[in-house]
Amino acid sequence: MRPFGDLEAVVMDVLWRRAAATTVREVLAELTPSRPLAYTTVMTVMDNLHRKGALSREMEGRAWRYRATRSRAEHSAAMLQDVLSAAGDRDEVLMHFVADLDADAVASLRTAVEAARQAQSS
């Protein structure tokens with residue numbers, strides 16, 4: 001999995017923040033105040049994200065409604081998995097990662113590991 005490009009990331013951020021499926025026009029309206037973009041630019045980005053599997057879509061009337069296929073957290077977790085898979089020494093990478101965490105993050109990581117263990121054993 002490759003990271004999103006700049007505009008892809010901005011579009012995904014809009015879709016992750018919205019609870020409902022969203023049209024290109026709705027994404028454009030949300031982005032226009034901060035970035036002057038053409039409708040066709042946003043449409044192309046969203047179509048590309050659909051082809052990459054990041055968005056699903058359904059036809060409503062004459063417009064596609066798009067929805068993220070993964071939550072932001074699920075996408076971030078997949079990116080971390082890719083980094084670990086590409087690492088030469090997964091254990092060493094994890095050791096460096098954990099060494100740089102603050103105490104709150106370490107506590108959160110411990111909680112997540114324990115929850116994963118319990119889920120696997122049940």
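The values are calculated or read from the model by the stated rules, or taken from the named source; none is laboratory data. Not measured: the values here are computed from a predicted model. Virtual Cβ from ideal backbone geometry, glycine too; neighbours counted across all protein chains shown. Remember, those area values only see protein heavy atoms, side chains included, never the ligands or the DNA or RNA. Shrake-Rupley method; radii C 1.70, N 1.55, O 1.52, S 1.80 Å.
Below are the figures for this structure:
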| item | result |
| --- | --- |
| In Å², nearest 10: area of ASP89 left accessible to a 1.4 Å probe | 70 Å² |
| Counted charge near HIS96, where neighbours are those whose Cβ lies closer than 14 Å (Asp, Glu -1; Lys, Arg +1) | -3 |
| Projected-area mean, the chain, by convex hull of Cα positions, square nanometres | 10.5 nm² |
| Accessible surface of the chain [probe 1.4 Å, protein heavy atoms]: carbon and sulfur percent | 54 percent |
| Mean ellipticity per residue at 222 nm, deg cm²/dmol - from DSSP H runs of n ≥ 4 across the chain, formula -39500 (n - 2.57) | -20000 deg cm²/dmol |
| HIS75, HIS50, HIS96, ranked by accessible area, largest first (probe 1.4 Å) | HIS96, HIS50, HIS75 |
| Solvent-accessible ranking of TYR39, TYR66, largest area first, probe 1.4 Å | TYR39, TYR66 |
| Once exposed loop trypsin sites (Lys or Arg not before Pro) are cut out (DSSP; at most 16 other Cβ, 10 Å), longest piece of the chain | 71-122 |
| Calculated from backbone phi, Karplus (6.51, -1.76, 1.60) coupling profile of the stretch 82-98 in Hz, x at Gly/Pro | 5, 4, 5, 5, 7, 5, x, 10, 4, 4, 5, 4, 4, 4, 5, 4, 5 |
| The chain - percent relative contact order, Cα under 8 Å, separation 6 or more | 22 percent |
| Highest-fluctuation residue, VAL98, VAL45, VAL106 considered, GNM on the chain with Cα pairs under 10 Å | VAL106 |
| Contour excess over end-to-end distance, with Cα ends at ARG117 and ARG35 and 0.36 nm allotted per residue | 25.1 nm |
